[in-house]
Amino acid sequence: MRMAFIESLCKIALQDKRIWLLTGDLGYSVLEPFANSFPERFINAGIAEQNMTGVSTGLALSGKIVFTYSIANFPILRCLEQIRNDICYHNLNVKIVSVGGGVAYGTAGYSHHATEDLAIMRVLPNITVLAPGDPIEVRLAMQAAVTMQGPCYLRLGKGGEPVQHRITPHFAIGKPITIREGRDVTILSTGGILNDVVTAADELTKKGWSVSVASMHTLKPLDEIFLISLCQKTKFVVTVEEHGPGGLASIIAEIIACSGIPIKFHPFMLKPETFATTGDQKYLRSAGDITAGNIVDHVIRLLDPPR
Amino acid sequence: MNSTKKDASIQLAKIIRTNALRMVHTAHASHIASNLSIADILAVLYENILNVNWSQPEWPDRDRFILSKGHASAILYAVLAEKGFFPKDDLTNFCRNGSELIGHANHRVPGVELSTGSLGHGLPIGCGLALAGKKDGKSYRTFVLLGDGEMNEGSNWESLLFAAQHKLDNLIAIVDCNAIQGFGATKDILNLQPFSDKWQAFRWSVKEIDGHNHAEIKNVLATVPFSEGTPSVIIAHTVKGKGVKYMEDQLAWHYRSPDGDQLAIAISEIEGTP
């Protein structure tokens, strides 16, 4: 995903001179193509995220489209008030990019796990929150982020996320992309865990269940009518995210509750109690019961409860 | 000509002091003493220094002014109204329900560049504005007015490093050093001294002035940048509550709002000053 991001950014920056990239001294072996091609529009702001975010605000006030880049929580939590007061309240063209959404930085530990980012960013005003599921969606999300006016949060995986789309899908902010269609259960997935979700769906299909999968590349804003109609097509809706409470599960629960339509729902998400565990991404997903295997087992219990 | 201009800024300072007092009194708002300590700096900036145009508040080549100590919004609104950015009658709406004249600076008010209020935000944004100006070959300057208490915020020190690193000599910080912050004297809370040395160590060009002496304010602002390739800072020694004797250097007037009698005394003092 990181590579899809930087390739897209370079491509867009070639056409659009308003594009700037600011990093908080991270992105070694990722950002060099931009830094080398557009040195006048690349700033390593140092390990100083509050100032980086303020500088991005000043640049955006001057007509630039500014990407800020760092890993996990660094470009969001350390400078959250700058994002809230300066970028979001003034509705400015700053696109905040965080690499390593969820527990992608595994053994680096709690400091490097972005497990509340979606919950926090989605409640801010004016901001669009994007969490693409594979490198193809990253490219499409980048184009959408630049085209739209206003702030954007882009949550990326760390790298190595497999491509899920055979053909380039239609991408519109707010509308999930359907990847599998079925009648029994709809699995809504956000971010880089999409591969596990598709694996789980295919496993369930082999076992005779009819499964829908949609990639929720946008968490805010959402086409709620579209989403409700998607959810109504199956008996059950589940959400999967590499994130703690307050993210996709809360969003879908809110939409379902407000719709007044009885839709059965189950969330798969990380539990804050497991955040302290040491392990790689795979291990930590397993500790949080959000692997493909966990999804298969639990969905079968939901659809076919033991009598 | 020069003396007329100087007198003009002195007259302007009187008007915005009295208007800020009236606004804060009517709204029962706080921060009057913080407003009064920057009255002279604002008057000189808007009378003599800033290249801004009330009829085109968003003119791209305008000088940028950011009030980072956003709690002194009353006197900023007062000076902008006086300079024609919006009707003076609107000042009576300060802090009124539904009004744009919020108790901390509001960017939706013509002439206000940025909404502020939480401290430590203005200087990083000023760095971005100055950097854009440099890269775009623009001649506008960016002025950021901060409080000395505000210099407790770490974000400012990140910006000090950044501005020097990027040689932002089109960026001018002005620190309103009234020596009092939320709970008492700045020296007793987080002592900033040696303040001037700190800025110098961060590779800024520094000048210290009496922040109430119009000739000094004007002279120093007329000579920015102090050194090519270096951001400039003006350390302005001020008196919190300046112009109203019973408010001067009194922490309580960071919070209190003058009643009718106190307002009358304050206005007569200001109007009685030569």
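Worth a mention:
- Within region A:52-63, being out of contact with any Cys (no Cβ under 8 Å at 6 or more places or on another chain) and within 7 Å of chain B (Cβ to nearest Cβ) holds for A:56, A:57, A:59, A:61, A:62.
- Residue A:273 being among the acidic types (Asp, Glu) and without any contact (Cβ under 8 Å) to a residue 60 or more places away in the chain: yes
- In region B:135-152, the qualifying residues are those that are surrounded by 20 or more Cβ atoms within 10 Å (Cβ to Cβ) and of a type in the set (D, E, K, R), and the one that is farthest from the other protein chains (Cβ to nearest Cβ) is B:148.
- Residue within region B:27-46 that is of a type in the set (D, E, K, R) and surrounded by 23 or more Cβ atoms within 10 Å (Cβ to Cβ) present: yes
- Selection count, region B:120-134, where residues are facing another protein chain (nearest Cβ under 7 Å) and under 13 Å from residue B:65 (Cβ atoms): 3
- Residue in region B:173-183 that is within 14 Å of chain A (Cβ to nearest Cβ) and touching a residue at least 24 places away in the same chain (Cβ under 8 Å) present: yes
- For residue A:105, the requirement of being out of contact with any Cys (no Cβ under 9 Å at 6 or more places or on another chain) and within 10 Å of chain B (Cβ to nearest Cβ) is not met.
- Answer residue from region B:86-106, given it is within 22 Å of residue B:13 (Cβ to Cβ), in a loop (DSSP other than H, G, I, E, B) and over 17 Å from the mean Cα position of the chain (by Cα) and is farthest from the other protein chains (Cβ to nearest Cβ) among those: B:87
- In region A:277-294, the condition of being within 12 Å of residue A:188 (Cα to Cα), of a type in the set (A, V, I, L, M) and crowded, with 16+ Cβ neighbours inside 10 Å is met by no residue.
- Residues of region A:29-51 that turn out to be more than 8 Å from every other protein chain (Cβ to nearest Cβ) and in contact with a Pro (Cβ under 9 Å, 6 or more places away or on another chain), as a count: 1
- Checking each residue in region A:81-102 for being more than 14 Å from every other protein chain (Cβ to nearest Cβ) and either among the charged types (D, E, K, R) or within 11 Å of the chain's Cα centre (by Cα) (or both) picks out A:95, A:97, A:98, A:99, A:100, A:101, A:102.
- Residue match in region A:64-72 (condition: in contact with a strand residue (DSSP E or B) (Cβ under 7 Å, 6 or more places away or on another chain) and facing chain B (nearest Cβ under 9 Å)): yes
- Qualifying residues in region A:91-117 (those that are out of contact with any strand residue (DSSP E or B) (no Cβ under 6 Å at 6 or more places or on another chain) and among the hydrophobic types (A, V, I, L, M, F, W, C)) - the one farthest from residue A:167 (Cα to Cα): A:108
- Listed by position, the helices (runs of 4 or more DSSP H) enclosed by region A:1-86 that each have at least 2 residues that are surrounded by 22 or more Cβ atoms within 10 Å (Cβ to Cβ) are A:2-15, A:49-61.
- Test for residue B:231: is it surrounded by fewer than 17 Cβ atoms within 10 Å (Cβ to Cβ), on the phi < 0 side of the Ramachandran plot, of a type outside the set (D, E, K, R) and at pLDDT 95 or above: no
- Of all the criteria given as (1) closer than 22 Å to residue A:303 by Cα; (2) within 19 Å of the chain's Cα centre (by Cα); (3) without any contact (Cβ under 8 Å) to a residue 24 or more places away in the chain, the one not satisfied by residue A:239 is (3).
- Matching option when the condition is β-branched (Val, Ile, Thr), at pLDDT 95 or above and assigned to a loop (DSSP other than H, G, I, E, B), among B:109, B:144: B:109
- Failed condition for residue B:117, given (1) surrounded by fewer than 24 Cβ atoms within 10 Å (Cβ to Cβ); (2) under 13 Å from residue B:73 (Cβ atoms); (3) in contact (Cβ under 8 Å) with a residue 12 or more places away in the chain; (4) more than 10 Å from chain A (Cβ to nearest Cβ): (4)
- Enumeration of residues in region A:188-227 that are surrounded by fewer than 18 Cβ atoms within 10 Å (Cβ to Cβ) and either of a type outside the set (D, E, K, R) or touching a strand residue (DSSP E or B) at 6+ places or on another chain (Cβ under 6 Å) (or both): A:199, A:205, A:208, A:210, A:221, A:223, A:225, A:226
- Condition met for residue B:163 (more than 21 Å from residue B:217 (Cβ to Cβ), surrounded by 24 or more Cβ atoms within 10 Å (Cβ to Cβ) and either within 14 Å of chain A (Cβ to nearest Cβ) or at pLDDT 95 or above (or both)): yes
- Region B:243-264 - residue that is assigned to a helix (DSSP H, G or I) and surrounded by fewer than 16 Cβ atoms within 10 Å (Cβ to Cβ) and, of those, modelled with the lowest pLDDT: B:252
The values are calculated or read from the model by the stated rules, or taken from the named source; none is laboratory data. Not measured: the values here are computed from a predicted model. Every residue, glycine as well, gets a Cβ built from its backbone with ideal geometry; the counts of neighbours run over all protein chains shown.
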